[in-house]
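The values are calculated or read from the model by the stated rules, or taken from the named source; none is laboratory data. These figures come from a predicted structure and were not determined experimentally. Glycine gets a Cβ as well: all are built from the backbone with ideal geometry, and neighbour counts include every protein chain shown. For the accessible areas, the whole protein counts, side chains as well, though only heavy atoms, and no ligand, DNA or RNA atoms are used. Shrake-Rupley method; radii C 1.70, N 1.55, O 1.52, S 1.80 Å.
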Amino acid sequence: MSEPVRLGVIGCGRVTERLYLPAFGRLSNARVVAVADRSQERRDFVSSRLRGCRAYASAEALLDQALVEGVIIATPPETHIALAEAALLAHQQVARPHIA
């Protein structure tokens, strides 16, 4: 059996709390390993409910430091394009082999 997909969540507001958190417990092939939010209170609240989950103060820190294979962007809609682009660029940097 393969390892679960490692997910990050960017945005720990009410949608994440009320909709995503209950759903995360039912995932069998994925696991949330990192969350990011500017509010320490929100990121601590969400991460404390997910076993082994690390909390980051920014999306950039999560994308730079957490080894995630996918992200859920749960921020205001006007931020989605920039965050999706940042996630894709971060993935390309990790996935691309380094040639010296």
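Residue count for the stretch 50-72 under the criterion of being over 20 Å from Asn29 (Cβ atoms) and either part of a strand (DSSP E or B) or open to solvent by 60 Å² or more (accessible area, probe 1.4 Å) (or both): the result is 6. Within the span defined as the stretch 73-83, every residue fails to be acidic (Asp, Glu), surrounded by 12 or more Cβ atoms within 10 Å (Cβ to Cβ) and in a helix (DSSP H, G or I).
Pairs linking a residue in the stretch 44-55 that is closer than 17 Å to Ala23 by Cβ to a residue that is open to solvent by 80 Å² or more (accessible area, probe 1.4 Å), with Cβ atoms under 8 Å and 6 or more positions apart or on different chains, are Ser47/Arg54. The single condition from (1) at pLDDT below 95; (2) open to solvent by less than 70 Å² (accessible area, probe 1.4 Å) that Gln93 fails is (2). Being under 15 Å from the mean Cα position of the chain (by Cα) and among the polar types (S, T, N, Q) is a condition met by at least one residue of the stretch 9-22.
For beta carbons closer than 8 Å, sequence separation of 6+ or different chains, a first residue in the stretch 71-84 that is under 13 Å from Thr16 (Cα atoms) and at pLDDT below 95 and a second that is surrounded by 19 or more Cβ atoms within 10 Å (Cβ to Cβ) and hydrophobic (A, V, I, L, M, F, W, C), there are no qualifying pairs.
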